[in-house]
Amino acid sequence: MNNFNKNDIVEVEVIDLTHEGAGVAKIDNYPFFVENALPGEVIKMRVMKTGKNFGYGKVEEYVKESDDRVGDVNSQYLRTGIADISHLTYPAQLDFKKKQVETVLSKVAKKNDIKVMDTLGTENNTGYRNKAQIPVRRVNGQTETGFFRKNSHDLVPVEDFLIQDKEIDQVVLYTRDLLRRFDIKPYHEINKTGLIRNIMVRRGHHSGEIMVTLITTKKKIFRIDQIVDALTEKFPNIVSIMQNVNESHGNALFGPDWFVLYGKEYIEDQMLGNTYQISGPSFYQVNTEMAEKLYQKAIDFADLKEDDVVIDAYSGIGSIALSVADKVKKVYGVETVESAVINAGKNAELNDIKNVDFTVGKAETTMARWLEEGIEPDVIFVDPPRKGLDEEFIKSATKTGARSIVYVSCNPSTFARDVLRFEEEGYKLQKVQPVDLFPQTHHVELVSLFTK
Ligand SMILES: C[S@@+](CC[C@H](N)C(=O)[O-])C[C@H]1O[C@@H](n2cnc3c(N)ncnc32)[C@H](O)[C@@H]1O
């Protein structure tokens, strides 16, 4: 029941964190969500907004602070979601992620008997991102790069992104300065005017190679040659400058057309000893050090044998398939994004790997086709996007009778839903290992093992 008025000040204890890292305080069972408030803290809270079932509050004063609080947190990181749990100490972040997985497995999959291992963490919990996708907008008459305030498209100018590779921050800022100098107009979402929408920068963690992509509303960029010269002179490790034209006015980052403005259409990087070509639209895990640990765990869970036939579903540029190829007889990969499949084929060649076969297609239809063709996998790796696995995929994959299914997930909720579906088809979840690919943020990654 809501008996509160806007701007009321109440003293409350914070009892929990939402999966997105907001504090939860309850008064007479009515919950308030409060930014920058941690469990165990007592706060004087200003009531900001109330609805039928819940409200929002703001901390006015900390009466008692949590031992898990980091002092001097930059509120921009919380407000924009760039680093929405950076006010938690790192060990507490790892516990928070383990608890997320346990909670969702218990609530959604009704599984209380699964041992969720401690989250695998890293000492490099800032400056780890190898990719930035930065919106460009006009703020107070000036071209700015930054991040949108949560649940809005209001750009907050940001210069230090905390979790991005420092050289990526420098490239973004220098590109912003060039856009200012050459008066390239930023996109205006309401008026639908302006040219430059976003800057994407990727930097190979091991190779240092950089790709800059300018995402624009039209093809023609005034004085682009001068921009390219200035960028490549300042950052000699830029090996690729791309342009993506996105004429739509929706939220999709990319349009269909990519153009090379300078150098190659890909960067190269290394993971677990293999070299990869990665082009603009292809998926590449943003935290290379932890992705290598994740793939290594996936390999350990699979307990591969020399004669195994393996499927890597949702294979991207082939990172899992190529990491296991030398341990098994044959690997089949499937992926929807054509450029990623082209990268995967090239990556097999680059690393002299011959026992892999990559297909462009949907995992669900391709898995059904492989089943009909009589391909009999011993182990299936799945690494789907946030929406998890398609039901048809689970039906076909389980019908193959594979010995093990290793599921890599970036969304515990859809993972928990899929646990139930696998169990219906006779596969039991054996173990779950959260791996911290996204330190300082609420995002959780995990790897798990199912056996028949
Ligand atoms: C989380 S990424 C994993 C990629 C790769 N395993 C890696 O670690 O780099 C998920 C991939 O699934 C692809 N994808 C999305 N929907 C798909 C579908 N229905 N069938 C096959 N691939 C899909 C995406 O393009 C993306 O490359």
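The values are calculated or read from the model by the stated rules, or taken from the named source; none is laboratory data. This is a predicted model, so every value here is computed, not measured. No Cβ is skipped: glycine too gets one built from the backbone with ideal geometry, and neighbour counts run over all protein chains shown. In case anyone asks, the SASA skips ligands and DNA or RNA and just uses the protein heavy atoms, side chains included. Shrake-Rupley method; radii C 1.70, N 1.55, O 1.52, S 1.80 Å.
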_At R0 = 41 Å, how high is the FRET efficiency between Gln226 and Lys354 if r is their beta carbon distance? Nearest 0.05 is fine._
0.35
*Please give the solvent-accessible surface of Lys399 in Å², to the nearest 10, using a probe radius of 1.4 Å with every protein chain present.*
150
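Can you tell me, using C-alpha contacts under 8 Å and at least 6 residues apart, the relative contact order of segment 230-286 as a whole percent?
Numbers: 68 pairs, mean separation 15.1, N = 57.
The normalised contact order for segment 230-286 reaches 26 percent.
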_Over the chain, what is the relative contact order in percent, taking alpha-carbon pairs closer than 8 angstrom and at least six residues apart?_
12
*Hey, for a label at Glu11 modelled as a point 7 Å past Cα toward Cβ, could you say which residues of segment 22-45 have their backbone N under 18 Å away?*
25-28, 38, 40-45
*Could you work out the helix-only [θ] at 222 nm for the chain, with each DSSP H run of four or more residues adding -39,500 (n - 2.57) and the total divided by the number of residues, to the nearest 500 deg cm²/dmol?*
-8000 deg cm²/dmol
_Need one number: nm distance between label points at Glu167 and Glu61, each 7 Å from Cα along Cα→Cβ, rounded to one decimal._
5.0
*Taking every pair of alpha-carbon atoms in segment 150-265, give the share separated by more than 20 Å as a whole percent.*
42
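Just the accessible area per residue of the chain, please: how many Å² with a 1.4 Å probe? Provide the component values of the computation, followed by the final result.
Values: 20240 Å² over 452 residues.
On a per-residue basis, 45 Å².
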*asked:* Taking a ≥ b ≥ c as the square roots of the Cα gyration tensor eigenvalues, with a/c under 1.5 meaning rounded and otherwise prolate when a/b beats b/c, else oblate, which class fits segment 294-391?
replied: rounded
*Heavy-atom SASA rank of Tyr56, Tyr77, Tyr266 (probe 1.4 Å, accessible area, largest first)*: Tyr56, Tyr266, Tyr77
*Carbon and sulfur %, accessible surface of the chain computed with the full protein complex present, 1.4 Å*: 47
*Between Glu425 and Lys218, how many nm apart are label points set 7 Å from Cα along the C-beta direction?*
5.0
*Between segment 333-369 and segment 414-452, the Cα center-to-center distance that results, in Å*: 24
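Here is the link list: Lys219/Lys354; Lys44/Lys97; Lys6/Lys110; Lys52/Lys107. Which ones come out longer than 32 Å on Cα distance?
The pairs that break the limit, which is 32 Å between Cα atoms, are Lys219/Lys354; Lys6/Lys110.
For Glu61, Glu189, give the ranking by accessible area with the largest first, probe 1.4 Å.
Working: Glu61 95, Glu189 55 Å².
Greatest to least solvent exposure: Glu61, Glu189.
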*Using a 1.4 angstrom probe and counting only protein chains, how large is the accessible area of Asp303 in Å², to 10?*
90
*Segment Glu247-Asp307, length gained on full extension (0.36 nm per residue, minus Cα span)*: 16.7 nm
